[in-house]
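Okay, so here's the structure we're looking at.
The values are calculated or read from the model by the stated rules, or taken from the named source; none is laboratory data. Predicted model, so just to flag it, every value in this text is computed and none were measured. The accessibility values were calculated without ligands, DNA or RNA, using every heavy atom of the protein model including side chains. Shrake-Rupley method; radii C 1.70, N 1.55, O 1.52, S 1.80 Å.
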Amino acid sequence: FAISSIGAFLCSRILVKPILEISRISKRMARLDMTWDCKVDRMDEIGVLANSLNSMAKRLDAAMKELDVHPRQIPLLFILQKKEGMSQREICDEMKIKPPTVAVSIKRMEKAGLIERKPDEKDQRVVRIYVTEKGKSLSKQIEKVVKESEAKVVEGFSEVEICLMKRFLKRSIRIFPG
């Protein structure tokens, strides 16, 4: 019993905890949220991956600052690009965040000229949100920066290795939701 308990403890500290951290980071990266730091203090492959993620996040964060966009506005901009004319409630449901948070982002993005509000044609009580030309242009710039950063991360990898890495990250997200 004692040996299995020690084994389970070591496994959870050495393997599971860093993978949970990387899984958490992967989810935030998928939302283009780069406001994090992967705290995995190791020298093996998992540590190298964590350090690579940190470097990528810092480069992306710096690039977003140059574009003068708040990192938390990026997912909202991309969602509206895909589904223009969403209501604030629909955005909250889609992004799984609270209405006041969405309201603040919408207000800031409208003030920056990235989005605009228009009343719903069928129900005047509902306000629909649309991406402006400025917002569409910014979205293209962000996509370019993200693609360049992704290319840097997988530089030198074969297609098979890239596929395996994606599969690993997806599996870790499924196994360790949170």
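Amide H of I115: which non-local residues (sequence gap of 5 or more, or other chain) have their own amide H closer than 5 Å, using H built in the peptide plane?
Under 5 Å from the amide H of I115 lie the amide H atoms of E110, T132, each far enough along the sequence or on another chain.
How far, in nm, would the chain grow between A112 and A62 when pulled straight, counting 0.36 nm per residue and subtracting the alpha carbon separation?
That pair, A112 and A62, stretches by 16.1 nm at full extension.
Could you pull out every one of the lysines with an alpha carbon less than 18 Å from that of K98, ignoring same-chain neighbours closer than 8 positions?
Correct list for K98: K107.
Hey, any idea what % of the range 46-141's accessible area is carbon plus sulfur with a 1.4 Å probe?
It is 51 percent, rounded to a whole number.
Hey, could you get me the Stokes-Einstein D for the range 38-140, Kirkwood radius over alpha-carbon pairs, 20 °C and 1.002 mPa s, rounded to whole µm² s⁻¹?
D, rounded to a whole number, is 139 µm²/s.
Exceeding 21 Å between C-alpha atoms, which entries from my cross-link table qualify? They are K58/K82; K111/K144; K82/K134; K83/K166; K65/K118; K140/K166.
Beyond 21 Å: K58/K82; K111/K144; K83/K166; K65/K118; K140/K166.
If amide hydrogens are placed 1.01 Å from N in the peptide plane, which non-local residues have theirs closer than 5 Å to the one on M86?
Here the answer is I129, since their amide H atoms fall under 5 Å of that of M86.
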